[in-house]
Amino acid sequence: MKKVTITLTRSLIGRKPNQVKTAHALGLRKLHSAVTKEVSPQIQGMIDTISHLVRVEEV
């Protein structure tokens with residue numbers, strides 16, 4: 001499977017609750033925190049939800 005690194009690049013302050021919960025579910029809590037995940041339809045949907053807040057790079 002393909003892996004990606006997801007980095008939180010924009011603040012969660014003032015964002016819609018579902019966007020904050022999505023970031024937390026991915027393990028992104030602080031600015032510039034990063035996680036590596038395997039790409040699945042569920043993870044891709046979460047990335048799409050907060051795409052304007054994160055940077056995604058293939059590993």
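Every number here is computed from the coordinates shown, using simple stated rules; none is lab data. Bear in mind the structure is a predicted one, so any value in this text is a computation, not a measurement. Note that each Cβ is placed from the backbone with ideal geometry, even for glycine, and that neighbours are counted across all protein chains shown.
Mind listing whichever residues of the stretch 4-59 are among the β-branched types (Val, Ile, Thr), loosely packed, with under 14 Cβ neighbours inside 10 Å and without any contact (Cβ under 8 Å) to a residue 12 or more places away in the chain?
Residue satisfying the conditions is Ile13 alone.
Considering only residues that are among the small types (Gly, Ala, Ser) and under 9 Å from the mean Cα position of the chain (by Cα), look in the stretch 1-41 and name the one that is nearest to Glu57 (Cα to Cα).
Ala34
Is it fair to say His32 is in a loop (DSSP other than H, G, I, E, B) and either out of contact with any strand residue (DSSP E or B) (no Cβ under 9 Å at 6 or more places or on another chain) or at positive phi (or both)?
yes
Could you please find all residues in the stretch 40-59 being assigned to a loop (DSSP other than H, G, I, E, B) and either closer than 10 Å to Thr5 by Cα or of a type outside the set (Val, Ile, Thr) (or both)?
Ser40, Ser51, His52, Leu53, Val59
For the stretch 1-26, which residues satisfy the criterion of being touching an Asp or Glu at 6+ places or on another chain (Cβ under 7 Å), part of a loop (DSSP other than H, G, I, E, B) and basic (Lys, Arg)? Talk me through it step by step, then tell me what you get.
In the first step, residues of the stretch 1-26 are kept if they are touching an Asp or Glu at 6+ places or on another chain (Cβ under 7 Å); the result is 1-5.
Now restrict to residues that are part of a loop (DSSP other than H, G, I, E, B): 1-2.
Within the stretch 1-26, Lys2 is the sole residue that qualifies.
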